[in-house]
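Inspection log for the structure reproduced underneath, given as structure tokens.
Nothing in this text is a laboratory measurement; each read-out follows from the coordinates by a stated rule. Predicted, not measured: the structure shown is a model, and the values here were computed from it. Virtual Cβ from ideal backbone geometry, glycine too; neighbours counted across all protein chains shown.
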There are 2 protein chains.
Amino acid sequence: MKTLSGLLPLLAFFSAPVLADRVANEPIKPIQAVQVDDPEKVALGKKLFFEPRLSRSGFISCNSCHNLSRGGSDNLPTSIGHNWQQGPINSPTVLNSSLSMAQFWDGRAETLQEQAAGPIDNPLEMAFTHTLAVEVLRSIPAYLDLFEGVYNTRDINIDHVTDAIAVFEETLVTPNGRFDQWLKGDDEALTEQELAGYKTFKEIGCAACHYGEAVGGKDFHRMGIVNQYATENPSQGRYEVTGDESDRFSFKVPTLRNVELTYPYFHDGAVWTLEEATEIMAYLQLGRELPEQDIDNMVAFMKTLTGEQPQIQVPQLPPSQPGTPRPIPFEND
Amino acid sequence: MKTLSGLLPLLAFFSAPVLADRVANEPIKPIQAVQVDDPEKVALGKKLFFEPRLSRSGFISCNSCHNLSRGGSDNLPTSIGHNWQQGPINSPTVLNSSLSMAQFWDGRAETLQEQAAGPIDNPLEMAFTHTLAVEVLRSIPAYLDLFEGVYNTRDINIDHVTDAIAVFEETLVTPNGRFDQWLKGDDEALTEQELAGYKTFKEIGCAACHYGEAVGGKDFHRMGIVNQYATENPSQGRYEVTGDESDRFSFKVPTLRNVELTYPYFHDGAVWTLEEATEIMAYLQLGRELPEQDIDNMVAFMKTLTGEQPQIQVPQLPPSQPGTPRPIPFEND
Ligand code: HEC
Ligand code: HEC
Ligand code: HEC
Ligand code: HEC
Ligand SMILES: [Ca+2]
Ligand SMILES: [Ca+2]
């Protein structure tokens, strides 16, 4: 015992330089595990994230389109919303979304809280109103108790709801993926192929846009810099927020964390495999036609960005009461 | 230590008669906790229960209509299925469904395994085919490994799928509710009102149909024995299975376990409160118009049938592969 613990500082001394080097010098940074300051608020936010009564139908929750069994996405080209309406754009993952500079493909929400107000009263998504959503929650004593425990008031409003959801979302990070283990000094964490893929990823310029903790999420860039992207999706991206001609068809660089799980790819969800997405990126953004081996290596590397998925216990939602506004699943009823 | 453990057999001796008495003499029996024999099979069945890729759209899973956050039901009068089609009948809870003599309102499936084959290729529900569902699973190596671990074969078929789901469902029991604590001898577990409600429940005859571990699930009975039930729902219940005139409008007596969570009530899901459901039952099945106090007492009693909900960790579903058949969320694509 004595001998071993005497050795530990020495070991730390020898491995420290690798750690410091990689973490400091590589363009991708390891994801930090979250510190939960307010577990009650997180628990409330989790219930709300899984709460179908925030939708008109009583059927659709945040988790419907950001399924935490599926990398926080729905794995559909565009989402199914209220009344099976087709959404306009691919649903991005909620995992690590707190690490992005802004929310939505066009960055039109600055914070997670601002974002969370959107889907509830979006007629294509949950098709409800903030007033009714709050009325539902206010009618359920168990919810009032939870809100009171967290916000010291039973006079709840939509800002309490979106705050709790945002704080829950902040816990949805995925640390300790194999790539992060390598970053922190574990040379065994990656295979040669994966390392070769990462080398190419840096050398040809992917890391100029996909970098940082989220391996993306830090800038807007035009989709198709060297060559044009052909899509039927009408979104003009960032231009719709700024009206600035130079922002036309510019999108938030998506995170590549857990990208193995968040197919199909691109804002139109038109591409199903990482191989094809990589080939397209190289050709459109960098003007390169890559040999298959390079593509396979980069795909192998990107799969090492899959991290530990949040361990979520299925929440129990308190039952509606006689005074709770009822869901309207079908308009003819 | 010695003294205390010396006392234990004595304590057991004194409390045993109450336990034996109540458990033997009351019409309602306590729910037994499940013994999990094959945790790998349960884990696989859980993944499949949460698996939207068993549906044509890639959006609907068993858990969509039997939400384990909501007492294993969807809390809608009738369900939302593929393409937002309206289902024909109320979705019963999957909790404790292994304790019923048969599955579905009309008992047309004998076992949970037989039942589970139904929704996958029901055009109103998951709208898929068994062949395609199996093809999806076969295309995903991580699933093949799991099936091989459980069934010793990678040549999987729909019977493996429904067997694993059924074995997972068998774990969805809700023991240790307050009523069961009372049954097992804890006199403090129920309030006077709840005990009064239980007394009425037995005396006026509710327990003639709602009895056993599941407080129901053991017989078919006509809905409206003394007085008629008015509904727009076309189901003729058990008659549709037997063709026997005496079975017309006869339904499986639903479990009252967790009935607080499984609103709205009756096969047509037309009644939203337990108070109203109780009033209707008393009038239709027993020809009685009960004073409000009796109804409130019985409702208080029925809420003690809410048991410990299964503790479920959100499963992680393995990602689709390039060869995986793709979901068809919208027919125009
Ligand atoms: C019907 C599908 C649907 C529902 C329900 C839904 N979302 Fe989304 N979500 C989307 C789509 C599609 C986008 C992308 C929209 C865009 O960028 O214009 C999105 C974007 C987001 C983003 C931004 C992610 C990023 O990287 O830009 C977050 C965070 C988010 N949703 C959280 C939520 C929360 C919280 C709820 C529930 C209150 C919710 N969503 C409900 C489909 C949905
Ligand atoms: C100039 C910036 C830029 C460069 C360089 C770049 N990307 Fe991208 N990447 C983006 C943007 C912007 C998107 C989103 C485009 C869209 O959806 O319309 C994207 C999307 C992706 C996606 C899809 C992610 C998802 O969830 O939809 C992958 C995978 C990807 N990039 C990988 C790469 C690889 C590999 C390279 C190098 C060969 C690369 N990128 C180079 C900006 C860039
Ligand atoms: C679109 C909604 C929907 C989906 C999806 C769905 N169910 Fe059901 N489920 C129902 C409805 C409605 C009934 C009652 C049908 C009847 O009795 O005729 C039912 C009945 C059942 C029952 C019988 C319960 C009882 O007490 O009689 C079980 C068990 C069950 N479903 C399990 C499953 C499983 C397992 C899956 C997935 C393979 C599934 N369900 C998918 C709506 C759904
Ligand atoms: C003769 C048999 C019988 C008697 C007596 C009876 N029930 Fe029922 N009960 C049923 C049947 C059958 C149903 C399902 C009817 C339907 O859905 O159409 C049912 C449904 C219910 C439901 C709704 C459960 C659900 O999940 O939809 C409740 C609550 C209930 N009974 C309580 C009672 C109470 C309280 C009494 C006594 C006042 C009572 N029952 C007496 C047979 C009976
Ligand atoms: Ca995607
Ligand atoms: Ca019900």
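For peptide B:255-264, compute the average count of partner chain beta-carbon atoms within 10 Å of each residue's beta-carbon.
Partner-chain Cβ atoms within 10 Å, mean over residues of B:255-264: 2.
Take residue B:192 and residue B:311, extend 7 Å from each Cα along the Cα→Cβ direction, and tell me the distance between the two endpoints in nm.
3.7
If you stretched the chain out fully between residue B:176 and residue B:248, how much longer would it get, using 0.36 nm times the residue separation minus the C-alpha to C-alpha distance?
Residue separation times 0.36 nm, minus the Cα-Cα distance, leaves 22.3 nm.
Considering the rotational relationship between chains B and A, which residue of chain B contributes the beta-carbon of minimal distance to the axis, and what is that distance to the nearest Å?
Chain B residue with minimal Cβ-axis distance: B:84, 2.
Using the Cα centre of the protein assembly as shown as origin and beta-carbon charges of +1 (Lys, Arg) and -1 (Asp, Glu), tell me which of B:118, A:177, B:242 is placed farthest towards the positive end of the dipole.
A:177
What residues of region B:273-307 lie in the reach of a label at residue B:219, counting those whose backbone N is under 18 Å from a point 7 Å from the Cα along Cα→Cβ?
B:281-288
Considering only A:285, A:272, A:251, whose Cα is most displaced toward the positive end of the charge dipole of region A:246-292, charges sitting on Cβ of Lys, Arg (+1) and Asp, Glu (-1)?
After comparing all options, I get A:251.
Would you mind listing the distances between the residue A:322 label point and the same position in each other copy? Use 7 Å along Cα-to-C-beta, nm, one decimal, shortest first.
6.2
Quick one: which of B:46/B:184; A:46/B:29; A:47/B:199; B:41/B:303; A:202/A:252 span more than 27 angstrom between C-alpha atoms?
Pairs exceeding 27 Å: B:46/B:184; A:46/B:29; A:47/B:199; B:41/B:303.
Which loop-located GluC sites (Glu not before Pro) does region A:248-302 contain, where loop means any DSSP state but H, G, I, E or B and the Cβ has at most 12 other Cβ atoms within 10 Å?
In loop regions of region A:248-302 (DSSP not H, G, I, E or B), the sparsely surrounded GluC sites (Glu not before Pro) are A:289.
What number comes out for the charge environment of residue B:163, summing +1 per Lys or Arg and -1 per Asp or Glu over other residues with Cβ under 12 Å away?
Net of charged neighbours comes to -4.
Given 4 °C and 1.567 mPa s, compute D for the protein assembly as shown with the Stokes-Einstein relation, Rh being the Kirkwood radius over Cα pairs; round to the nearest whole µm²/s.
The Stokes-Einstein estimate is 47 µm²/s.
Treat every Asp and Glu Cβ in chain A as -1 and every Lys and Arg Cβ as +1, leave all other atoms uncharged, and give the resulting dipole magnitude about the Cα centre to the nearest 20 debye.
For this selection, approximately 520 debye.
Which loop GluC sites (Glu not before Pro) in region A:167-241, with loop taken from DSSP, have no more than 12 other Cβ atoms within 10 angstrom of their Cβ?
A:232
Within 14 Å, Cβ to Cβ, of residue B:306, how many net charges do the neighbouring residues add up to if Lys/Arg are +1 and Asp/Glu are -1?
Local charge sum for residue B:306: 0.
For region B:178-303, what is Rg from Cα atoms divided by 2.2 N^0.38 Å, rounded to two decimals?
Ratio of Rg to 2.2 N^0.38 Å for region B:178-303: 1.09.
Restricting to DSSP loop positions (anything but H, G, I, E, B) with no more than 12 other Cβ atoms inside 10 Å of their own Cβ, which trypsin sites (Lys or Arg not before Pro) remain in region A:94-173?
A:154
To the nearest 0.05, what FRET efficiency results for residue A:157 and residue A:110 with a Förster distance of 22 Å applied to their C-beta separation?
After rounding, the FRET efficiency stands at 0.65.
What is the sum of charges, Lys and Arg at +1 and Asp and Glu at -1, for the other residues whose Cβ falls under 9 Å from the Cβ of residue B:154?
-2
Report, for chain A, the % of DSSP beta bridges that are antiparallel, rounded to 5.
90
Would you work out the charge dipole size for the protein assembly as shown about its Cα centre, treating the Cβ of every Lys and Arg as +1 and the Cβ of every Asp and Glu as -1, and quote it to the nearest 20 debye?
Rounded to the nearest 20 debye, it is 760 debye.
Rounded to the nearest 500 deg cm²/dmol, what is the calculated helix-only ellipticity per residue at 222 nm for the protein assembly as shown, with -39500 (n - 2.57) per DSSP H run of length n ≥ 4?
-11500 deg cm²/dmol
Which one of A:313, B:71, B:297 has its Cα pushed farthest toward the positive end of the charge dipole of the protein assembly as shown, where Lys and Arg give +1 and Asp and Glu give -1 at the Cβ?
A:313
Could you work out which residue, out of B:142, B:207, B:133, moves most in a Gaussian network model of chain B, that is, has the largest mean-square fluctuation with Cα springs under 10 Å?
Checking each option, the largest mean-square fluctuation is seen for B:142.
Considering only the protein assembly as shown, what is the antiparallel percent among its DSSP beta bridges, to the nearest 5?
If I count the DSSP bridges inside the protein assembly as shown, around 85 percent turn out antiparallel.
Given +1 on the Cβ of Lys and Arg, -1 on the Cβ of Asp and Glu, and no further charges, what dipole in debye does region A:117-210 carry about its Cα centre, rounded to the nearest 20?
Here region A:117-210 has a charge dipole of around 100 debye.
Hey, what do the phi angles of region B:239-250 turn into as Karplus ³J(HN,Hα) couplings, whole Hz, using 6.51/-1.76/1.60 and θ = phi - 60°, x for Gly and Pro?
3, 5, 8, 9, x, 8, 4, 6, 8, 4, 6, 9
If I model a spin label at residue A:326 and residue B:240 as a point 7 Å from the Cα along the Cα→Cβ vector, what separation in nanometres do I get?
My value for the distance between the label points is 2.1 nm.
For the peptides B:312-319, A:50-57, what is the packing order when you average, over each peptide's residues, the other Cβ atoms within 10 Å and list the highest mean first?
Order by mean packing, descending: A:50-57, B:312-319.
Residues of B:185-191, mean number of Cβ from any other protein chain within 10 Å of their own Cβ, rounded to a whole number?
0
Taking a cut-off of 30 Å, what percent of all Cα-Cα pairs in chain A are separated by more than that?
When all Cα pairs of chain A are counted, 42 percent exceed 30 Å.
Spin-label point model (7 Å from Cα, Cβ direction): what's the residue A:86 to residue B:142 distance in nm?
2.9
Using the Kirkwood radius over C-alpha pairs as Rh, can you work out the diffusion coefficient of region A:39-170 via Stokes-Einstein at 25 °C, viscosity 0.890 mPa s, in µm² per second?
The Stokes-Einstein estimate is 165 µm²/s.
Output the relative contact order of chain B, whole-number percent, from Cα pairs under 8 angstrom with separation of 6+ residues.
Normalised by residue count, the contact order of chain B is 24 percent.
Can you put A:171, A:93 in order of Cβ neighbours within 10 angstrom, beginning with the fewest?
A:171, A:93
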